[in-house]
Amino acid sequence: MYLLNQANQAVRSQLEQALRGLSLTGIQYTVLSIVGSRNGISSAELSRRFFVTPQTMNEIVTGLEKRGLLQREASAENKRILTASLTGSGQETLKECDRIADEIEKSAFADMSDKDFNDLRRILRGRLVSLRGG
């Protein structure tokens, strides 16, 4: 676990530094990514995914909303729940973030063979599914 965490921290540090050019943090990028893939997700669902309080997630989402990267509207099922979706600007920003993240990932694993890289992904994906109880 220590080695996995250290590798994660090294890559995340590079990503954080690269995202500064877009005035974003790693968590903001991840929120944009999740909202982009799960259009209509609520802040409460996001807070559970990130293991942060709803208040903390609301601050992150509100900041992204003020920047025009995402928008919120009342859920069709429950008007008290606000769901998030990316704006056009948010979609473009996410594309740029993804490009940056892809470059960092490519660099981080450049010295691994394709087989080793695919094996690592398969193993980690399996652990994640198992640990999430699925």
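The values are calculated or read from the model by the stated rules, or taken from the named source; none is laboratory data. All values reported here derive from a predicted model rather than from experimental measurement. A quick note on method: Cβ atoms are made from the backbone with ideal geometry, for glycine too, and the neighbour counts reach across all protein chains shown. Accessible surface is based on the protein model in full, side chains and every heavy atom, while ligands, DNA and RNA are left aside. Shrake-Rupley method; radii C 1.70, N 1.55, O 1.52, S 1.80 Å.
The table that follows gives values for the structure above.
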item: Count of residues meeting criterion [open to solvent by 30 Å² or more (accessible area, probe 1.4 Å), closer than 18 Å to Gln71 by Cβ and free of Cβ contacts under 8 Å to residues at least 24 places away in the same chain] in the range 31-60; result: 5
item: Matching residues, the range 79-104, being closer than 20 Å to Glu45 by Cα and among the charged types (D, E, K, R); result: Lys79, Arg80
item: Near pairs, Cβ below 9 angstrom, 6+ apart or cross-chain, from the range 81-101 (in contact (Cβ under 8 Å) with a residue 60 or more places away in the chain) to any residue that is in a strand (DSSP E or B); result: Thr93/Leu86; Leu94/Leu86
item: Total residues in the range 63-98, condition under 25 Å from Gln17 (Cβ atoms) and exposed (fewer than 14 other Cβ atoms within 10 Å of the Cβ); result: 5
item: Per-region count, the range 1-33, residues among the hydroxyl-bearing types (Ser, Thr, Tyr) and under 14 Å from the mean Cα position of the chain (by Cα); result: 4
item: Residue tally, condition of a type outside the set (S, T, N, Q) and in contact with a Cys (Cβ under 8 Å, 6 or more places away or on another chain), over the range 22-79; result: 4
item: Tally, over the range 99-109, of residues that are surrounded by fewer than 16 Cβ atoms within 10 Å (Cβ to Cβ) and aliphatic (A, V, I, L, M); result: 1
item: Residue, nearest to Gly63 (Cα to Cα), within the range 17-30, restricted to residues that are among the aliphatic types (A, V, I, L, M) and open to solvent by 20 Å² or more (accessible area, probe 1.4 Å); result: Ile27
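Listed here are the residues, each with its yes/no results for (1) of a type in the set (S, T, N, Q); (2) within 17 Å of Glu105 (Cβ to Cβ).
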| site | (1), (2) |
| --- | --- |
| Met1 | no, no |
| Leu4 | no, yes |
| Arg20 | no, no |
| Gly36 | no, no |
| Ile41 | no, no |
| Thr53 | yes, no |
| Leu64 | no, no |
